[in-house]
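The structure appears right after this line, and notes come after that.
The values are calculated or read from the model by the stated rules, or taken from the named source; none is laboratory data. Note that this is a predicted model, so its numbers are computed, not measured. Neighbour counts are summed over all protein chains in view; Cβ atoms, including those assigned to glycine, are modelled from backbone coordinates with ideal geometry. These area figures cover heavy atoms from the full protein model, side chains too; ligands, DNA and RNA do not enter into them. Shrake-Rupley method; radii C 1.70, N 1.55, O 1.52, S 1.80 Å.
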Amino acid sequence: MTLLDAVQANLLSPAVLFFALGVFAAVVRSDLRFPEPLYAGLTIYLLVAIGFKGGVALAEAGLARVWLPALAAMALGALIPFWTYPVLRRVGRLAAVDAAAIAAHYGSVSAVTFIAATNYLQAVGQPYESYASAFLAVMESPAILVGVVLGRLASPRAAGVAPSPGGDASLRAVVHEALCGRSVLLLVGSLVVGVLCGPAGMAKVEPFFVTPFQGVLALFLLEMGLVAGRRLGDLRKVGAFLLAFGMLVPLVNGALGVWVGQATGLGLGGATLLGVLAASASYIAAPAAIRVSLPDANPTLYLTASLAITFPFNLTLGIPYCHALARWLYA
Amino acid sequence: MTLLDAVQANLLSPAVLFFALGVFAAVVRSDLRFPEPLYAGLTIYLLVAIGFKGGVALAEAGLARVWLPALAAMALGALIPFWTYPVLRRVGRLAAVDAAAIAAHYGSVSAVTFIAATNYLQAVGQPYESYASAFLAVMESPAILVGVVLGRLASPRAAGVAPSPGGDASLRAVVHEALCGRSVLLLVGSLVVGVLCGPAGMAKVEPFFVTPFQGVLALFLLEMGLVAGRRLGDLRKVGAFLLAFGMLVPLVNGALGVWVGQATGLGLGGATLLGVLAASASYIAAPAAIRVSLPDANPTLYLTASLAITFPFNLTLGIPYCHALARWLYA
Amino acid sequence: MTLLDAVQANLLSPAVLFFALGVFAAVVRSDLRFPEPLYAGLTIYLLVAIGFKGGVALAEAGLARVWLPALAAMALGALIPFWTYPVLRRVGRLAAVDAAAIAAHYGSVSAVTFIAATNYLQAVGQPYESYASAFLAVMESPAILVGVVLGRLASPRAAGVAPSPGGDASLRAVVHEALCGRSVLLLVGSLVVGVLCGPAGMAKVEPFFVTPFQGVLALFLLEMGLVAGRRLGDLRKVGAFLLAFGMLVPLVNGALGVWVGQATGLGLGGATLLGVLAASASYIAAPAAIRVSLPDANPTLYLTASLAITFPFNLTLGIPYCHALARWLYA
Amino acid sequence: MQTHAMKLLTIVCEAHARGPVLDLLRSAGAHGWTLFPVEGEGAGGGRPADIPEFTNLQIQVVVRADVADVLLDRLGAEFFPRYAMIAFAADVQVLRGDKF
Amino acid sequence: MQTHAMKLLTIVCEAHARGPVLDLLRSAGAHGWTLFPVEGEGAGGGRPADIPEFTNLQIQVVVRADVADVLLDRLGAEFFPRYAMIAFAADVQVLRGDKF
Amino acid sequence: MQTHAMKLLTIVCEAHARGPVLDLLRSAGAHGWTLFPVEGEGAGGGRPADIPEFTNLQIQVVVRADVADVLLDRLGAEFFPRYAMIAFAADVQVLRGDKF
Ligand SMILES: Nc1ncnc2c1ncn2[C@@H]1O[C@H](COP(=O)(O)O)[C@@H](O)[C@H]1O
Ligand SMILES: Nc1ncnc2c1ncn2[C@@H]1O[C@H](COP(=O)(O)O)[C@@H](O)[C@H]1O
Ligand SMILES: Nc1ncnc2c1ncn2[C@@H]1O[C@H](COP(=O)(O)O)[C@@H](O)[C@H]1O
Ligand code: NA
Ligand code: NA
Ligand code: NA
């Protein structure tokens, strides 16, 4: 299967096509809306399902095989801001605080992109380590913390353009958010539940958390298409640099991720997933944390880049790209 | 199986019984409520599932076999207002704008009635053309446009009792609603996705969009029973004529639909479904469009007729009636 | 299997672990929230599914085998307040109206506890009478009516600290709530639907109402953990007596229930379920009814006792306890 | 266009009070009402709105000043001792004074 | 801090009026708006908000007094005959008067 | 029944401000609050409320006039530069003046 074939197969999958339908609906200003509780319900389902499945896989594989790639994944996430920040500053000529904010987003990860990648691997018959959800879980926060610190060092005013409500509480708030925020808690929590239950527990909840999973993802991507499509208008506001950044950085980070995966002993599928994680940019956890801790950063920049550029890019091209790279590396 | 047996089997199906339970709950003023987001979620699921399934079937059958009955279905929908309007005017002595509004509702279609009919056919073991969802998709809008034009010609004041906000924009709004409205977009969009994915895509999402479908429908009909039951009190306001109209017109339109189905080469099941579509009256897309473009029309009349009379009538009696008719015609 | 083994197996089930995760999230003040419509949707699903399944089982078993234990279950529920009320008054030194309110909660039942118990029995391979949902349905209301009457007799002021809005209407409101309230209506209604449909109807909706049921329950218990966890802070307000009451009363009532089950001819599984029902305390139907009819009763007391003490207690220990007791009794 | 002075009465109460409050509004002569669920905290503790039964409602009604007085009186006498709730009145201007 | 007198205009209308009302607000010069779904009852009967199409919206907008007058005029002339709705204006004080 | 003059302070802000705003209310001496999610548009662009993280909240609090002043001051100084939000105060009459 050539890269082109892979891309084409991906583009014709229900998940990607429903995403496109959502974008279309937003662009033609249809009155189609997913009420917010429906969005919340779908997110909770997806995170719990992927976390639980990963936990059961982890229980079967044993920590011995997982700790090294997991640590490497964390390190990779934490380090990505150190190369993206200077690029954003020097090449993009962005303000320090904006550069730090965007760097944090690209070091962190997007759970939905990860889930779509597992979906893709299943579709092309590529086995992968199910415990890779553990990498998703540990990569979410480190880059955010790094980004916040970068932003505060680089532009001390950012820490307090106005007397911060609660003083230094806001740094504490970031740490709290990083450890107890909705998505981290659901992922890590379900992972732990999965580890404790093991395959016996899985047997009970499989018909709900595994069998219909791909269909739920397709429906959710319809909604994500709406969400991303509504923000397409902001593309004009962010300029050509961020557009290029949002598509080139995933290529570089994806390659780094695949390479780290191979170096730490993952299989072809696992390395692909690590590549996708590195390539992906957060648009849930990172914006929430950055909004509170770097309030001077412009949300239009980081949100549009991660949600309206990188997310669709990875969903359509980034995932087959990482897979092709891994196949080439493992050949 | 006689008509009576069929009706009885239908009345004892979970879908119809849960509908009855919903009506009962509304009538005894239970505090049972489906929150609006739950309703929205169920609708989205049902429309996406039925559209996607129809698209996959369409991909397998090929356009060559579908275009003729689809065109005939559109024409049938567009023409129904031309005979119902005069009846509403002359026999019912309704105002021109109300007659036009109601005619539009009966030319358009009810997706839930269609879905319940597929459910019924499955239960009685009657095969049908799955691509019939395409007829559902194309029949929603034409009659609405015809009804709006009728209403404006017949009562020019209706076009502007007050200077219309946005001038002629409101006609443009109707066309936009007819093409990009929630239900049309979901149906047509999922149909196209289904066509593009084909059976390979279906295999992935089947456990979510097909296997649990009948159960979801039963739950949704519980909610529809609540919705219809809350409007039962309006029956007194609409008078005996509309009550009779809401039950007799489906019989005529159902017969027309079955006959058109046979004439354009559909099988027994497909003709039944076309009959049900013709017999059904819209209570989602049509009210929305009419409210905006014929604001003088009285919503109590068209909503009560389509939602509180014709919908329950078709659900319980209209569906087996169309099936019996088709069996007689194809015998 | 010893009681200890059983408790341990229960504690490591997905349902209980997700409940614990929810409590944890609430305690660390995570921003994880289930929007209210999601909660409502999950409740409706669970009640309809359990009611329907019970109805189908009832249709198969026949009324002849069910009426006696059902009547005994009702009587047991109605009688429980007569022994708990004096304990609450004399030992707990609670005000008459608070004692009556709490007694009503412990005579009534918790549907979620019941569902978790069926889950548990399935997991340990213990067969049970599926029509036991009928006992759940009939046990919800009687104790509430008894509690309200007790409360009004004991403290007449409670009936009207202020001129009641609508006079004696509020007693009528309780009866209406007891018969047409959301949970009773859904349970009894779905039970009747299940009886009418029988196994043929079940075949249609099984993939939605039965197959994924355990997974949905796990997700719902995550939410229940959040709900209970948010009220843990109130434990300090209710004092040591209610803490002990909330854990000892289930032991007594559970034993009574198991014994009544055996005496009326139920099998080991059914007797366990009747024990769990007797042990459980209502936190939905009872609070709603008591709030309206005994407004002087302090909600913190009855809600904390039933929701933050007895519910987690039964979920973790009460269910295996009733099962162990039944096994001992049937040995 | 000519506007008329009316009172906007806002009631925030636990969901269980829904029926009785709406009955009160009708019997006092209000011609309509608007209602939505809210979260809140007050003397009765927090109401996190995580369960329908534990939610709050905000009920708004536009009425003539004399009706507002009657409503406030009856709320204070019959409802405040019974339900967790607050109520406040504000001056508003409406079109179509006879509608309210 | 210095506050400025503004008008808070509240509109409760059927959901179908959403587009036209927001267009009106923009064209009249409002710099923002706030909106949420509500249940209600009025001359147009009950709107139980069980279906998105049958729900009500409450739209709130803070504007200068002259803009509020324009809005009320146009609402009365163009919208009231067409949609089930009510509107009322109230006095409010805001910070940053130039924002509205 | 006797009514007392109070201020109703309404804050519309992005959801991320929830924690800090509620902390502020408590520390300034409010005895309760009411809150619900809303959609909106303003200087900070549209907030379509399609994702919990991108939603707005409307927070309402009834307080004594002096508390309202403190709140407005602190909102203007500490919160407005930091979050997308507006705030406005209105006169209301309440029963049970000591409750607020
Ligand atoms: N000072 C206040 N400002 C705004 N809302 C309040 C205030 N006090 C109470 N509430 C609301 O009214 C509800 C009932 O109040 P309470 O009876 O004090 O518990 C609370 O849950 C809040 O939603
Ligand atoms: N007197 C009123 N007080 C509060 N809300 C009202 C009032 N009258 C009408 N409404 C609201 O405005 C909507 C439309 O009113 P109407 O056009 O009278 O049906 C109703 O559904 C209510 O939500
Ligand atoms: N003039 C206005 N009237 C009503 N709501 C407004 C107005 N301006 C802003 N808002 C609300 O306040 C939120 C934050 O405003 P902003 O900081 O201007 O983006 C918006 O999303 C709206 O919900
Ligand atoms: Na990344
Ligand atoms: Na039709
Ligand atoms: Na009990």
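Details
- Dividing the summed -39500 (n - 2.57) terms of all DSSP H runs of n ≥ 4 by the residue count of chain F sets its mean residue ellipticity at 222 nm at -6500 deg cm²/dmol.
- Solvent-accessible area of A:Met139 with every protein chain in place, 1.4 Å probe, in Å² to the nearest 10: 0
- Of all beta-carbon atoms in chain C, the one sitting closest to the axis that brings chain C onto chain B gives C:Pro37, 2, with the distance in whole angstrom.
- Residues within the reach of a label modelled at B:Ala9 (point 7 angstrom out along Cα to beta-carbon, backbone nitrogen below 20 Å), restricted to segment B:111-138, are B:113-130.
- At most 13 other Cβ within 10 Å, DSSP loop - trypsin sites (Lys or Arg not before Pro), segment C:14-116: C:Arg29, C:Arg93
- Here B:Gly198 yields copy-to-copy label distances, from shortest upward, of 4.5, 4.5 nm, the label point defined as 7 Å from Cα along Cα to C-beta.
- Chain E - percent of accessible surface contributed by carbon and sulfur, probe 1.4 Å: 53
- Couplings for segment B:49-65, taken from phi via the Karplus curve 6.51 cos²θ - 1.76 cosθ + 1.60 with θ = phi - 60°, read 5, 5, x, 4, 4, x, x, 4, 4, 5, 4, 7, 7, x, 4, 3, 8 Hz in order; Gly and Pro are left as x.
- Cross-link partners of B:Lys204 among lysines, defined as those whose alpha carbon lies under 25 angstrom from its own and excluding same-chain residues fewer than eight positions apart: A:Lys53, A:Lys204, B:Lys53, C:Lys204.
- Within 10 Å of the Cβ of each residue in B:177-186, the mean number of Cβ atoms contributed by other protein chains is 4.
- Neighbouring partner chain Cβ atoms per residue of A:234-241, average, 10 Å criterion: 0
- To the nearest ten degrees, helix B:268-279 and the longest principal axis of the Cα atoms of chain B are 20 degrees apart.
- Inter-copy separations for B:Trp328, label at 7 Å along Cα-Cβ, nm, ascending: 7.0, 7.0
- For chain B, the share of accessible area belonging to carbon and sulfur comes to 68 percent (1.4 Å probe, ligands and nucleic acids excluded).
- 5 angstrom amide H check on B:Val66, placed H, neighbours 5+ away: none
- Interface size C-D, as summed buried accessible area [1.4 Å probe, Å², nearest 100]: 1800
- For the set D:Arg82, F:Arg64, B:Arg152, the ranking by accessible area, highest first and with no ligand, DNA or RNA atoms included, is F:Arg64, B:Arg152, D:Arg82 under a 1.4 Å probe.
- Relative contact order %, segment A:34-330, counting alpha carbon pairs below 8 Å whose residues are six or more apart: 31
- Mean separation of Cα contacts under 8 Å (6+ apart) over length of segment A:204-287, as relative contact order %: 22
- Gyration tensor verdict on segment B:34-330 (Cα atoms; rounded if a/c is under 1.5, prolate if a/b is larger than b/c, oblate otherwise): prolate
- In chain C, the calculated helix contribution to ellipticity at 222 nm averages -23500 deg cm²/dmol per residue, counting -39,500 (n - 2.57) for every DSSP H run with n ≥ 4.
- When D:Arg74, A:Arg291 are compared by accessible area at a 1.4 angstrom probe, the order from most to least is D:Arg74, A:Arg291.
- Converting phi to 3J(HN,Hα) with the Karplus coefficients 6.51, -1.76 and 1.60 and the offset θ = phi - 60°, segment A:4-16 yields 4, 4, 4, 4, 4, 4, 5, 5, 9, 7, x, 4, 5 Hz in sequence order, with x at every glycine or proline.
- What the protein assembly as shown shows is 33 Å² of accessible area per residue, with the surface traced by a 1.4 Å probe over protein heavy atoms.
- For segment B:235-252, putting each phi into the Karplus relation 6.51 cos²θ - 1.76 cosθ + 1.60 with θ = phi - 60° gives couplings of 3, 4, 6, 8, x, 5, 4, 5, 4, 5, 3, x, 10, 7, 4, x, 5, 5 Hz, in residue order, rounded to whole numbers and with x for Gly and Pro.
- Accessible surface ranking for E:His16, B:His176, F:His31, 1.4 angstrom probe, highest first: F:His31, B:His176, E:His16.
- For the chain pair B and C, the interface hides roughly 2100 square angstrom of accessible area in total, found with a 1.4 Å probe.
- When the Cα positions of F:Val94, F:Leu25, F:Ile59 are compared along the charge dipole of chain F, F:Val94 comes out farthest toward the positive end, with charges on each C-beta of Lys, Arg, Asp and Glu.
- Taking all protein chains as shown and a probe of 1.4 angstrom, B:Ile290 keeps an accessible surface of around 0 Å².
- Evaluated with a Cβ-only charge set (Lys, Arg +1; Asp, Glu -1), chain C carries a dipole of roughly 600 debye about its Cα centre, given to the nearest 20.
- Cα-based helix-to-principal-axis angle, D:65-74 vs chain D, degrees rounded to 10: 30
- Shortest-first distances to equivalent copies, position A:Leu11, nm, label 7 Å out along Cβ: 5.5, 5.5
- Computed about the Cα centre, the dipole magnitude for the protein assembly as shown is approximately 220 debye when only Lys and Arg (+1) and Asp and Glu (-1) carry charge, each at its Cβ.
- Shielding of peptide A:219-231 by partners, expressed as the average count of other chain Cβ atoms within 10 Å per residue Cβ, is 3.
- Solvent-accessible area buried by D and E, counting both chains, probe 1.4 angstrom, square angstrom: 1800
- Helix axis angle, C:182-209 relative to chain C longest principal axis, alpha carbon, degrees: 10
- Summarising the label geometry, the points placed 7 Å from Cα in the beta-carbon direction at B:Leu63 and B:Leu153 lie 3.1 nm from one another.
- Placing unit charges on the Cβ atoms of the charged side chains and taking the dipole of the protein assembly as shown about its Cα centre, the candidate lying farthest along the positive direction among B:Leu221, A:Pro199, A:Leu4 is B:Leu221.
- Listed peptides C:273-279, F:65-71 by packing density, highest first (mean Cβ within 10 Å): C:273-279, F:65-71
- Here segment C:310-331 and segment A:97-113 have alpha carbon centers that stand 49 Å from each other.
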